[in-house]
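The structure appears right after this line, and notes come after that.
The values are calculated or read from the model by the stated rules, or taken from the named source; none is laboratory data. All of these numbers come straight from a predicted model, not from anything done at the bench. Here the Cβ positions follow ideal geometry from the backbone for every residue, glycine too, while neighbour counts run over all protein chains shown. Ligands, DNA and RNA are excluded from the accessible area calculation, which covers all protein heavy atoms including side chains. Shrake-Rupley method; radii C 1.70, N 1.55, O 1.52, S 1.80 Å.
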Amino acid sequence: MRRNTYLLTALLSAGLMACHNEPAFKVEGTVSGAADKMLYLEHTSLEGIVKVDSVKLDESGTFHFSGARPDSPDFYRLRLDNQVINFSVDSTETVTVKADNSGFATAYQVEGSENNQKIKELVLLQANLQEQVNKLGQSGLPAGVAQDSLFSLVNAYKDQVKRNYIFAAPNKAYAYFALFQQLNGYMIFDPLTSKEDVKCFAAVATSLNNLYPHADRSRNLYNMVIKGMKNTRTPQVKDVTLPADKIQEASIIDIELKDLNGKTHRLTDLKGKVVLIDFTAYSSAASGVRNLALRELYNKYASQGLVIYQISLDADEHFWKTAADNLPWICVRDPQGPYSTYLSLYGVTQLPTAFLVNRNNELSLRVEEKTNMEEAIKNLL
């Protein structure tokens, strides 16, 4: 009986030791100048941001958090007020962060892994891009010129990140982090409608699937790539026959699509107005700045008869509804996405592309790169 008691005690002790020795990660460091403020540790999960722990900082600013080690690379962040420091955890490790209340999100120091050094580099690059875009939005340049400059900035950024972070090490957590960076609330890399960007997602998805085939992030990324490849697959070339009922006496090709509330809007119902037809995708990094320029035009000339008829080619309906919810003009969506018949009928080969329609419901102008859109609208009004 005593022997059994000793055996049971030994097994319980071993079990308790195993619990105490469970692999864990630690996040510790100091935040100066933040006495009496709350510092939060949050998990950046696929479902959103989840609070893990918090601490009220004292004069020393020291903090210490810990958690169970994830089975595959995962992402967390430290939050002070509305500033965040992003970092990854992919092994049993200690991440050390030193920061100051001012410049918390960009001027911090991080130790513990190459991944977190690279994530900081990406954060700084994105912050610089955002600053340049903000200046561009306040420059007062014509919409067409500003749009060209924006495309140049974003494309240069994407080329740099592709070369130095994504394709250089697609198996690293920082490559995954790079895919989901945002500009003005929109993803810089488009996983749904850009064939070149889908290649970036595919490179990282392939590496993650090889290393962590059962991880939720691996499966989610793989599903995104499959959807993106399907959306960007080159369709078989077919002759486009213009339906007779689409040709109106005014020589306009009518468009008939539904808005967020399911209401149908037809171009031909807008006769008597000057209409700006805008083919776009809200998932594009350029969309935010473009819509700011359009809003400026709309605010100036809507009372004089300008109507914006904006057609979304976004594959994700929910994303479209969220992005278009607060826009003051007509926002419709073609569920065919990149395979829209209207793209062929209007000869649209890239997004965004815009056209102007006069008050007689006649197609007057295709907006080109050098078009002064405001002058063209004023001439039609």
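Within segment 334-368, how many residues turn out to be part of a strand (DSSP E or B) and open to solvent by 30 Å² or more (accessible area, probe 1.4 Å)?
Going through segment 334-368, the residues part of a strand (DSSP E or B) turn out to be 353-357, 363-367.
If we keep only those that are open to solvent by 30 Å² or more (accessible area, probe 1.4 Å) as well, we get 363-366.
Residues in segment 334-368 being part of a strand (DSSP E or B) and open to solvent by 30 Å² or more (accessible area, probe 1.4 Å): 4 in total.
In segment 29-78, what residues are touching a residue at least 24 places away in the same chain (Cβ under 8 Å), open to solvent by 60 Å² or more (accessible area, probe 1.4 Å), under 23 Å from Tyr174 (Cβ atoms) and charged (D, E, K, R)?
Correct list: Arg69, Asp71.
Identify, by number, the condition in (1) within 23 Å of the chain's Cα centre (by Cα); (2) of a type in the set (Ser, Thr, Tyr); (3) open to solvent by less than 30 Å² (accessible area, probe 1.4 Å) that Ser284 doesn't meet.
Ser284 satisfies every listed condition except (3).
Regarding Asp197, is this residue part of a helix (DSSP H, G or I), in contact with a helix residue (DSSP H, G or I) (Cβ under 8 Å, 6 or more places away or on another chain) and farther than 18 Å from Ser72 by Cα? It would help to see each step written out before you state the result.
Details: part of a helix (DSSP H, G or I): yes; in contact with a helix residue (DSSP H, G or I) (Cβ under 8 Å, 6 or more places away or on another chain): yes; farther than 18 Å from Ser72 by Cα: yes.
Against the criterion (part of a helix (DSSP H, G or I), in contact with a helix residue (DSSP H, G or I) (Cβ under 8 Å, 6 or more places away or on another chain) and farther than 18 Å from Ser72 by Cα), Asp197 qualifies.
Determine, yes or no, whether Ser60 is more than 20 Å from Ile119 (Cβ to Cβ), modelled with pLDDT of 95 or more and assigned to a strand (DSSP E or B). Give the steps one after another, and end with the answer.
Numbers: more than 20 Å from Ile119 (Cβ to Cβ): yes; modelled with pLDDT of 95 or more: yes; assigned to a strand (DSSP E or B): no.
Considered against the rule, which asks whether it is more than 20 Å from Ile119 (Cβ to Cβ), modelled with pLDDT of 95 or more and assigned to a strand (DSSP E or B), Ser60 comes out as no.
When you look at Ala205, is it buried (at least 22 other Cβ atoms within 10 Å of the Cβ) and more than 14 Å from Ser283 (Cβ to Cβ), yes or no?
On the way: buried (at least 22 other Cβ atoms within 10 Å of the Cβ): yes; more than 14 Å from Ser283 (Cβ to Cβ): yes.
Considered against the rule, which asks whether it is buried (at least 22 other Cβ atoms within 10 Å of the Cβ) and more than 14 Å from Ser283 (Cβ to Cβ), Ala205 comes out as yes.
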